[in-house]
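Scroll down for the structure; my scribbles are underneath it.
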Amino acid sequence: MPDIWKLKDKNFDKFIVNDDIQAKVSELAIRINKELEGIKPLFVVVLNGAFIFASDLLKKVTIDCEIAFVKLSSYQGTQSSGVVQQIIGLDLDIKGRTIVVIEDIVDTGLTLERFRKTLREMEPAEVRIATCLLKPDAFKNKFPIDYKCFSIPNEFVVGYGLDYDGLGRNSSDIYKIVEG
Ligand code: 5GP
């Protein structure tokens, strides 16, 4: 992909190259392999954005584990209950299991906060969070992020699974928006 990438009406600058991503993903997989050995965690991949990160990470996770996928509704429509709606839901019994939710990016954390609540009602032993990217300025430590690759500034990024209006998910590098 080019150093500057035009998607629709916006320009994006190359920000984190795939070699750097792979190095962090490998470090994370080593940690997970150590910390969750013998526990048989269930990884819950949040679609669509986390598909590339999850694929890279889970190829490097060598312990016994299961993998499931969910698709969550955007949080705008679900304010009152505080429970995020699952478009593709979790159809497994997770009672007593260690769950690791795999996300592409945690921004305000609102989506995950609500999904964690939904998961908790299913009585897992614990819920951990793994994310490729975290925007600490927006997130403000709302709950623990157990595993992350990169903390980034509060700017819009695309690539490595993340989209701008449906475009840009297919890049192996991460790009940051050029403002103005
Ligand atoms: P949150 O609930 O943590 O604020 O963010 C929810 C969702 O917003 C993320 O899972 C992601 O889909 C989207 N999002 C947040 N920041 C970005 C960004 O910089 N780029 C893209 N493409 N999506 C983002």
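Bear in mind that the values in this text are calculations on the coordinates, not laboratory data. Computed from a predicted structure; not experimentally measured. Positions of Cβ are generated from backbone atoms using ideal geometry, with glycine treated the same way; all protein chains shown enter the neighbour counts.
Descriptive notes on the structure:
- Estimated D of the chain in µm² per second, where Rh is the Kirkwood radius over Cα pairs and Stokes-Einstein applies at 4 °C, 1.567 mPa s: 77 µm²/s
- Pairwise label distance in nanometres, Asn154 with Lys24, each label 7 Å out on the Cα-Cβ vector: 1.9 nm
- Kirkwood Rh and Cα Rg combined as Rg/Rh, the stretch 1-52: 1.14
- Packing, taken as the mean count of other beta carbons within 10 Å per residue, orders the peptides 32-44, 129-141 from highest to lowest as 129-141, 32-44.
- Once both labels are positioned 7 Å from their Cα atoms along Cα-to-Cβ, the gap between Phe143 and Val178 label points is 3.9 nm.
- The stretch 1-71 and the stretch 105-180 have their alpha-carbon centroids 11 Å apart.
- Between 0 and 90°, nearest 10: helix 51-60 axis offset from the chain longest Cα axis: 60 degrees
- Spin-label model distance (nm) - Glu35 vs Met1, 7 Å beyond Cα toward Cβ: 2.7 nm
- Gain on full stretching of the segment that runs from Lys117 to Asp13 - 0.36 nm per residue minus C-alpha separation: 33.8 nm
- R0 of 25 Å, Cβ-Cβ distance Asn170-Ser73: FRET efficiency to nearest 0.05: 0.55
- Sorted from greatest to least, the principal axis extents spanned by the alpha carbons of the stretch 117-180 come out as 45, 24, 19 Å.
- When each of the peptides 115-121, 62-68 is scored by the mean number of other C-beta atoms lying within 10 Å of its residues, the order from highest to lowest reads 115-121, 62-68.
- A simple charge model with +1 on the Cβ of Lys and Arg, -1 on the Cβ of Asp and Glu and nothing else charged puts the dipole of the stretch 2-128 at about 160 debye relative to its Cα centre.
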